[in-house]
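**Student:** Submitted below is the structure of interest, expressed as structure tokens.
The values are calculated or read from the model by the stated rules, or taken from the named source; none is laboratory data. If you're wondering where the values come from, they're calculated on a predicted model, not measured in any experiment. Ideal geometry is used to build each Cβ from the backbone, glycine not excepted, and the neighbour counts take in all protein chains shown. For the accessible areas, the whole protein counts, side chains as well, though only heavy atoms, and no ligand, DNA or RNA atoms are used. Shrake-Rupley method; radii C 1.70, N 1.55, O 1.52, S 1.80 Å.
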Amino acid sequence: MRAVLSAGSNMGDARAHLRSVVDEFAGELVAASSIYATAPWGKTDQPDFLNQSLLVEVDQTPLELLQRCQRLENDAQRVREERWGPRTLDVDIIWIEGYTSDDPVLTVPHPRAHLRRFVLEPWLEIDPGAVLNGASIRTLLEGLEEQGVRKL
């Protein structure tokens, strides 16, 4: 199953947290984007985030992939205290080829991916022909404001 993951961190050694995701999927990695620095969104009084997208090919069900992503967050001692707050590691499943779900446990495609430049820019880098909800990633990006995202 082919999937796009989005990883983000703004606490502790953010680069090491992102590297842990790449290491976890090393044998299944199709592509990993550059790292992007992103101004915080929603709750702005916190450090910038580092974000990265991964295109992976895994032999798991979507829920097994979700559990794997949540294990990585737990290993990084992620604490969910406030929405859009700082975090050691956030690993979201953005898209799964040929799969959609409205389940609150796992909603795919990610319901806000089309609004987030920090998701779309790295995704476009690793999969230039990607389409989300019937629109090319490139077209979705053209419709978004700046959002403080910069490639490192």
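**Student:** Could you go through the stretch 12-21 and let me know if any residue there is surrounded by fewer than 18 Cβ atoms within 10 Å (Cβ to Cβ), among the basic types (Lys, Arg) and either touching a residue at least 12 places away in the same chain (Cβ under 8 Å) or in contact with a His (Cβ under 7 Å, 6 or more places away or on another chain) (or both).
**Tutor:** So far as the stretch 12-21 goes, yes, one or more of its residues are surrounded by fewer than 18 Cβ atoms within 10 Å (Cβ to Cβ), among the basic types (Lys, Arg) and either touching a residue at least 12 places away in the same chain (Cβ under 8 Å) or in contact with a His (Cβ under 7 Å, 6 or more places away or on another chain) (or both).
**Student:** Here is a follow-up. So which residues in the stretch 99-108 are open to solvent by less than 30 Å² (accessible area, probe 1.4 Å) and without any contact (Cβ under 8 Å) to a residue 40 or more places away in the chain?
**Tutor:** Listed by number, the list holds a single entry, SER101.
**Student:** Collect the residues in the stretch 1-24 that are hydrophobic (A, V, I, L, M, F, W, C), over 24 Å from HIS114 (Cβ atoms) and either touching a strand residue (DSSP E or B) at 6+ places or on another chain (Cβ under 7 Å) or part of a loop (DSSP other than H, G, I, E, B) (or both), keeping them in residue-number order.
**Tutor:** Result: MET11, ALA14, VAL22.
**Student:** Also: Here is a list of conditions, (1) more than 17 Å from the chain's Cα centre (by Cα); (2) open to solvent by less than 70 Å² (accessible area, probe 1.4 Å); (3) farther than 22 Å from GLY12 by Cβ, and ASP59 meets all of them except one; can you say which number that is?
**Tutor:** Checking ASP59 against (1) more than 17 Å from the chain's Cα centre (by Cα); (2) open to solvent by less than 70 Å² (accessible area, probe 1.4 Å); (3) farther than 22 Å from GLY12 by Cβ, the one that fails is (2).
**Student:** For the stretch 127-150, give me each residue that is assigned to a strand (DSSP E or B), open to solvent by less than 30 Å² (accessible area, probe 1.4 Å) and more than 18 Å from GLU97 (Cα to Cα).
**Tutor:** Answer for the stretch 127-150, where residues must be assigned to a strand (DSSP E or B), open to solvent by less than 30 Å² (accessible area, probe 1.4 Å) and more than 18 Å from GLU97 (Cα to Cα): just VAL149.
**Student:** Among the residues of the stretch 115-126, how many are in a loop (DSSP other than H, G, I, E, B) and either farther than 22 Å from ILE35 by Cβ or aliphatic (A, V, I, L, M) (or both)?
**Tutor:** Result for the stretch 115-126: 0.
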